[in-house]
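**Student:** Dropping a structure here in structure tokens format, bear with me for questions.
The values are calculated or read from the model by the stated rules, or taken from the named source; none is laboratory data. Since the structure is predicted, the reported quantities are computational estimates derived from the model, not experimental observations. When we count neighbours, we look across all protein chains shown, and the Cβ atoms used for this are built from the backbone with ideal geometry, even at glycine. Accessible surface is based on the protein model in full, side chains and every heavy atom, while ligands, DNA and RNA are left aside. Shrake-Rupley method; radii C 1.70, N 1.55, O 1.52, S 1.80 Å.
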2 protein chains.
Amino acid sequence: MKSATDVRCCTIEGMTAADAEPWPTPRGASRPVLTPTYEGDFVLDESLKLECGRVLPFPTLHYAVYGRLNAARDNAVLVCHALSGSALVGSWWPEVFAPGAVLSLEHDFVICINMLGSCYGSTGPGSVNPATGDVYGPDFPLVSIRDNVRAQARLLDSLGVRKLRLVLGGSIGGMQTVDWTLEYPNRVERAVIIGVAPLSAMGLALNHLQRQAIQHDPEWLGGRYLPQRPPRRGLSLARQVGMMSYKSVELFDERYGRNPNRKGEDPWAVDGASGGGLIGGRFDIAGYLDYQGERFVERFDANSYLAILRTMDIWDPMRGHGTPEEAFGGIRAKLTIVGISTDWLFPEATVRRFAEQILSAGVDAEYREMISLHGHDAFLAEQAELVRLIQ
Amino acid sequence: MKSATDVRCCTIEGMTAADAEPWPTPRGASRPVLTPTYEGDFVLDESLKLECGRVLPFPTLHYAVYGRLNAARDNAVLVCHALSGSALVGSWWPEVFAPGAVLSLEHDFVICINMLGSCYGSTGPGSVNPATGDVYGPDFPLVSIRDNVRAQARLLDSLGVRKLRLVLGGSIGGMQTVDWTLEYPNRVERAVIIGVAPLSAMGLALNHLQRQAIQHDPEWLGGRYLPQRPPRRGLSLARQVGMMSYKSVELFDERYGRNPNRKGEDPWAVDGASGGGLIGGRFDIAGYLDYQGERFVERFDANSYLAILRTMDIWDPMRGHGTPEEAFGGIRAKLTIVGISTDWLFPEATVRRFAEQILSAGVDAEYREMISLHGHDAFLAEQAELVRLIQ
């Protein structure tokens, strides 16, 4: 295996927790952006055999590290990111690094690895397939959470990290965290899993809607669009469906209510800007969603979005197992599982049931409920509260 | 005013409560379809001046009646339908007419009037504008709930109905019911308002997503599509977003869970039917939503959908009033307001707060909660339970 060769340090705009803030980001709300000790690429020196049966030849994992590995090599922490996150955990989870919080730049060696399928440096649909010399596009294979975890383990090997004192993540990051405790029981001491369970039918429905929004965009071209002409409207709509499911009814009401669009549109006007009387001016919540959609299109790739939706869809650690003991009995880490009170994508009751299933397998696990108005996004939007809960 | 001239009796397929059933409709679940005493059109003999300032010249209201008006003219009931409903209330709400239930074919004279903007007989975007000789299309004006109620009152006048012993409806039908008690306080004795309140920010968000799904369809052509080439994929996606919000997480989980599509697709397959590894086979819930979308496209019009979404968006009886007394103080009817426990589009707590607002205005109103797993759709899907609650 080659070690990382390319040192870069860039801030990927718009990927911070500010996504969770009202638009535009309120003044004074900017958070400290932490600079990684190192950011670069790791290229596997062989093909990654995927669960689906296909292989990913010599995939790249883009990653960032914060702090330094100590001599005893016992201070490593792995943070796993969510759907549209990046390896730059210091940029999107800064308060988790605050003095006295969960992670310490002084004492920990924190690693975060971009998911396969993403557009933030790791191999994804926008990468060139070495077997053909062409961009993967729609031929990018189905990569599971477990495939990701296995590739990540190789990267950790190359860094000399055998043991992880902690693995943590929210949403899809939580799926990776669970699979770490299953796949490498002797390498993980503690795991914190936030706002996640296998997707329920409603979660699968939401992903189905997002998928269609992209597929229906005539610019998508069956996944063979050019980078300069992406399916913007489809990806924007998909993101808006997502944003809706990441927030709570209560938060939306408190922030936007039935106010007209803050930029001056009138929902009661006789004729809208286009579409005549059938469309009309926007309410503030519609302006907010459009704004989030437009921002997202600037920073994310439609095929990457589709690839990771599917990775998320098929994650189900109970699949193929008859009992929770069979599925989870091998876990050796101490688990903390967090459900979010107003989460609609992964309802609190669903996460609690998932935790109970793991507990029933005899695993050393505890369940905690995070009380927040922020819905699924709470683990990004209310970091101080999350820190208090999982410390 | 002309009275109705055209007697028709058709069953509009797919408009029954079976929309709320798993696909395909389970055997034995077919419900009795009641035949109206009369079904026809009423044409206003003058222009309807709309709240938005525009006029609708000589609009048609398509309506159906069941039973007969008695000599005392005191047995009239008005039922108001929801977004995609029709005047044929006997077809979509048959159990409300069951012996001993809320309505009686023997004793009541039940009237149901298709909403303006709809595609089921009343004037809508697909109608010809007498002022231009062309189809309205996107030039169809913004019609409010109050506009509908005012037009409906003219039709009742022509039928010789002054008093309504009962007005009732769910969802947008509930909005009409509220406006009846506000606009004609002396004509309504009792009103039953089910699963509705002014749309919250989340509701407005859901409508914004549905609107975009249609607008983004290249076949929509700014609303000027030909009837034989409608924006099918956009309308299907819009309906699917709607269906998702009409149901509950619990019901979807119970019915579909994480099962693969019942027609044999494999979500874990390496390559999907189209879109390669990025799409994949469907889960059962996705097959269900697609099926509902396809059925809906066969029976409903995209511009009508847009028109009624906007009618729904702008309904807010508190608008322009400083206090609940000012807004609701004039109501004379006895009100029953029903919230549905798992409703996500009009959450139970939101409906309860709306009821409390009306109560605080000194109105004779009571609030009841309907316990159901069916979400917003419960008023169509669990009619027997609804009947028990409002009897």
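**Student:** Based on the Cα coordinates of segment A:226-309, what is the per residue volume of their convex hull in Å³?
**Tutor:** Details: hull volume 9.6 nm³, N = 84.
With only Cα atoms used, segment A:226-309 gives 114 Å³ per residue.
**Student:** Ordering B:GLU348, B:GLU183 from largest to smallest accessible area (1.4 angstrom probe), what's the sequence? Write out the running numbers ahead of the final one.
**Tutor:** Numbers: B:GLU348 25, B:GLU183 55 Å².
The ordering from most to least exposed comes out as B:GLU183, B:GLU348.
**Student:** Once both axes come from the Cα atoms, what is the angle between helix A:302-313 and the longest principal axis of chain A, in degrees from 0 to 90, rounded to 10?
**Tutor:** 60 degrees
**Student:** Where does chain A land at 222 nm, in deg cm²/dmol rounded to the nearest 500, when only DSSP H runs of n ≥ 4 count, each adding -39500 (n - 2.57), divided by all residues?
**Tutor:** On the way: 12 runs with 125 residues, N = 391.
When only DSSP H runs of four or more count, the value is -9500 deg cm²/dmol.
**Student:** Same structure, new question: Taking chain B as a Gaussian network, Cα atoms linked when under 10 Å apart, which of B:ASP217, B:ASP253, B:ASP41 shows the biggest mean-square fluctuation?
**Tutor:** Result: B:ASP253 has the largest fluctuation of those listed.
**Student:** Still on this structure, I have one more. For chain B, find the longest principal axis of its Cα atoms and tell me its angle to the long axis of helix B:232-246, 0 to 90°, nearest 10.
**Tutor:** Roughly 70 degrees between the two axes.
**Student:** Let me ask something else. In the calculated pair distance distribution of segment A:124-180, what percentage of Cα-Cα distances lie above 13 Å? Before the final figure, lay out the partial values.
**Tutor:** Numbers: 1096 of 1596 pairs.
Everything past 13 Å amounts to 69 percent.
**Student:** For segment B:144-161, just list the computed ³J(HN,Hα) in residue order, Karplus coefficients 6.51, -1.76 and 1.60, θ = phi - 60°, integers in Hz, with x standing in for Gly and Pro.
**Tutor:** After applying 6.51 cos²θ - 1.76 cosθ + 1.60, I find 8, 4, 5, 4, 4, 5, 5, 5, 4, 4, 5, 5, 5, 3, 5, 8, x, 9 Hz.
**Student:** In segment B:150-216, how does Rg compare with the Kirkwood Rh, expressed as the Rg/Rh ratio over alpha carbon atoms? If you can, show how the numbers build up before the last one.
**Tutor:** Working: Rg = 15.4 Å, Rh = 13.6 Å.
In segment B:150-216, Rg relative to Rh is 1.13.
**Student:** Further, regarding this structure: Considering only DSSP states other than H, G, I, E and B, which trypsin sites (Lys or Arg not before Pro) in segment B:295-325 qualify as loop sites with at most 11 other Cβ atoms within 10 Å?
**Tutor:** Values: sites: B:ARG295, B:ARG299, B:ARG310, B:ARG319; in loops: B:ARG319.
Those that pass, being in a loop and sparsely packed, are B:ARG319.
**Student:** May I ask you to report, in nm to one decimal and beginning with the shortest, the distances from B:SER47 to the same position in the other copies, taking label points 7 Å along Cα-to-Cβ?
**Tutor:** 7.3
**Student:** Give the cross-link partners of A:LYS334 among the lysines, using a straight C-alpha distance below 19 Å as the criterion and excluding same-chain residues fewer than 8 apart.
**Tutor:** Qualifying lysines at Cα under 19 Å: A:LYS163.
**Student:** Could you name the lysines in cross-link range of A:LYS263, using Cα to Cα under 16 Å and dropping any fewer than eight places away on the same chain?
**Tutor:** By straight Cα distance, A:LYS263 reaches no lysines at all.
**Student:** In nm, what does the list of distances from A:ASP364 to its counterparts in the other copies look like, shortest first, when each label sits 7 Å along Cα to Cβ?
**Tutor:** 6.8
**Student:** Let me ask another. Quick one: which residues, 5 or more positions from B:THR336 or on another chain, have an amide H under 5 Å from its amide H? H modelled 1.01 Å from N in the peptide plane, none for Pro or chain starts.
**Tutor:** Amide H to amide H, under 5 Å and 5 or more residues apart or across chains, B:THR336 pairs with B:ALA191, B:VAL192, B:ILE193, B:GLU366.
**Student:** Quick one: in chain A, whose Cβ comes closest to the A/B rotation axis, and how close in angstrom?
**Tutor:** A:PRO218, 3
**Student:** Show log10 I(q)/I(0) for segment A:265-391 at q = 0.10, 0.19 Å⁻¹, two decimals, from a solvent-free Debye sum over equal Cα scatterers.
**Tutor:** Result of the Debye calculation: -0.54, -1.17.
**Student:** Could you give the angle, 0 to 90 degrees to the nearest 10, between helix B:172-183's Cα long axis and the longest principal axis of the Cα atoms of chain B?
**Tutor:** Between helix and principal axis, roughly 20 degrees.
**Student:** Further question on the same structure: Sort A:110-118, A:189-197 by packing, meaning the average of other beta carbons within 10 Å per residue, with the highest value first. Please list the in-between numbers first.
**Tutor:** Working: A:110-118: 28.1, A:189-197: 25.4.
Taking the mean over residues of other Cβ atoms within 10 Å, the ranking is A:110-118, A:189-197.
**Student:** Now for a separate question. According to the square roots a ≥ b ≥ c of the eigenvalues of the Cα gyration tensor, what is the shape class of segment B:199-342, taking rounded for a/c under 1.5, prolate for a/b larger than b/c otherwise, and oblate for the remainder?
**Tutor:** Values: a/c = 2.93, a/b = 1.63, b/c = 1.79.
Oblate is the answer for segment B:199-342, as a/c is 1.5 or above yet b/c matches or exceeds a/b.
**Student:** Can you give the direction-averaged projected area of the convex hull of the alpha-carbon atoms in the protein assembly as shown, in nm²? If you can, show how the numbers build up before the last one.
**Tutor:** Values: hull surface 133.9 nm².
The number I arrive at for the protein assembly as shown is 33.5 nm².
**Student:** In what order, largest first, do B:HIS376, A:HIS216 sit by accessible area if the probe radius is 1.4 Å? Show your work: numbers first, answer last.
**Tutor:** Details: B:HIS376 5, A:HIS216 40 Å².
Largest to smallest exposure gives the sequence A:HIS216, B:HIS376.
**Student:** Is there a simple number for the mean count of other chain Cβ atoms within 10 Å of the Cβ of residues in B:279-285, and what is it?
**Tutor:** 6
**Student:** Let me ask something else. When only alpha-carbon atoms are used, what values of Rg and Dmax, in angstrom, describe chain A?
**Tutor:** For chain A, the Cα radius of gyration and maximum Cα-Cα distance read 20.8, 71 Å.
**Student:** Out of A:LYS263, A:LYS163, A:LYS49, any idea which swings most in a Gaussian network model of chain A, alpha carbons joined below 10 Å?
**Tutor:** Among A:LYS263, A:LYS163, A:LYS49, the largest mean-square fluctuation in the Gaussian network model of chain A belongs to A:LYS263.
**Student:** With chain B treated as a Gaussian network of Cα nodes joined by springs under 10 Å, which of B:THR37, B:THR336, B:THR60 yields the largest mean-square fluctuation?
**Tutor:** Fluctuation is largest for B:THR37.
**Student:** Compute, for the protein assembly as shown, the length of the dipole vector about the Cα centre, with Cβ point charges of +1 (Lys, Arg) and -1 (Asp, Glu) only. Units Debye, rounded to 20.
**Tutor:** Values: 76 positive and 92 negative charges, 63 e Å.
Here the size comes out at about 300 debye.
**Student:** If a/c stays under 1.5 just call it rounded; otherwise compare a/b with b/c (prolate if a/b is bigger, oblate if not). Do that for segment B:66-211, with a ≥ b ≥ c from the square roots of the Cα gyration tensor eigenvalues.
**Tutor:** In terms of gyration-tensor shape, prolate.
**Student:** Next question. What does the average come to when, for each residue of peptide A:239-250, you count the partner chain Cβ atoms lying within 10 Å of its Cβ?
**Tutor:** Details: counts 0, 4, 8, 0, 2, 8, 1, 0, 3, 1, 11, 6.
Per residue, the average neighbour count from other chains is 4.
**Student:** A further question follows. For a quick check: with amide H placed at 1.01 Å from N, whose amide H comes under 5 Å from A:VAL135's, ignoring anything fewer than 5 positions away on the same chain?
**Tutor:** For A:VAL135, whose amide H was placed from the backbone, the distant partners under 5 Å are A:ASN129.
**Student:** While we're on this one: Can you work out the accessible area per residue across segment B:227-300, with the rest of the protein chains kept in place, probe 1.4 Å, in square angstrom? Please report the intermediate quantities before stating the final value.
**Tutor:** Values: 2840 Å² over 74 residues.
It amounts to 38 Å² per residue over segment B:227-300.
**Student:** Students sometimes get this wrong: rank B:CYS80, B:CYS52, B:CYS119 by accessible area, probe 1.4 Å, all chains present, largest first.
**Tutor:** On the way: B:CYS80 5, B:CYS52 30, B:CYS119 50 Å².
My answer, sorted largest first, is B:CYS119, B:CYS52, B:CYS80.
**Student:** Sort shortest first the distances from A:LEU221 to its counterpart in every other copy, using label points 7 Å along the Cα-to-beta-carbon line, and give them in nm.
**Tutor:** Nearest first, the other copies' label points are 2.6 nm away.
**Student:** Please label the shape of segment A:36-143 as rounded, prolate or oblate, based on the square roots a ≥ b ≥ c of the eigenvalues of the alpha-carbon gyration tensor (a/c under 1.5 means rounded; beyond that, a/b larger than b/c means prolate, else oblate).
**Tutor:** Values: a/c = 2.78, a/b = 2.10, b/c = 1.32.
Here segment A:36-143 falls in the prolate category.
**Student:** Compute log10 of I(q)/I(0) for segment A:140-269 with the Debye formula, placing one identical point scatterer on every Cα and leaving out solvent, at q = 0.10, 0.16, 0.17 Å⁻¹, to two decimals.
**Tutor:** Listed by q, the Debye log ratios stand at -0.55, -1.02, -1.06.
**Student:** Take peptide A:210-220, look around each residue's Cβ out to 10 angstrom, count Cβ atoms belonging to other protein chains, and average those counts. Please list the in-between numbers first.
**Tutor:** On the way: counts 0, 7, 12, 6, 3, 6, 9, 3, 3, 0, 2.
Mean partner shielding for this stretch: 5.
**Student:** Using a probe radius of 1.4 Å on protein heavy atoms only, what is the accessible area buried between chains A and B, both sides summed, to the nearest 100 Å²?
**Tutor:** Details: alone 16760 and 16780 Å², together 27750 Å².
In total, chains A and B hide about 5800 Å² from solvent.
**Student:** Name the residues whose placed amide hydrogens come within less than 5 Å of the amide hydrogen of B:TYR38, ignoring near sequence neighbours (fewer than 5 apart) on the same chain.
**Tutor:** B:VAL65
**Student:** Right, here's the next one. If every alpha-carbon in segment A:221-264 counts as one equal scatterer, what log10 I(q)/I(0) does Debye give at q = 0.17 1/Å?
**Tutor:** -0.68
**Student:** Now, a different point. Please compute the volume of the convex hull spanned by the alpha-carbon atoms of segment A:318-361 and report it per residue in Å³.
**Tutor:** Values: hull volume 3.2 nm³, N = 44.
Spelled out: Cα convex hull of segment A:318-361, divided by residues, is 72 Å³.
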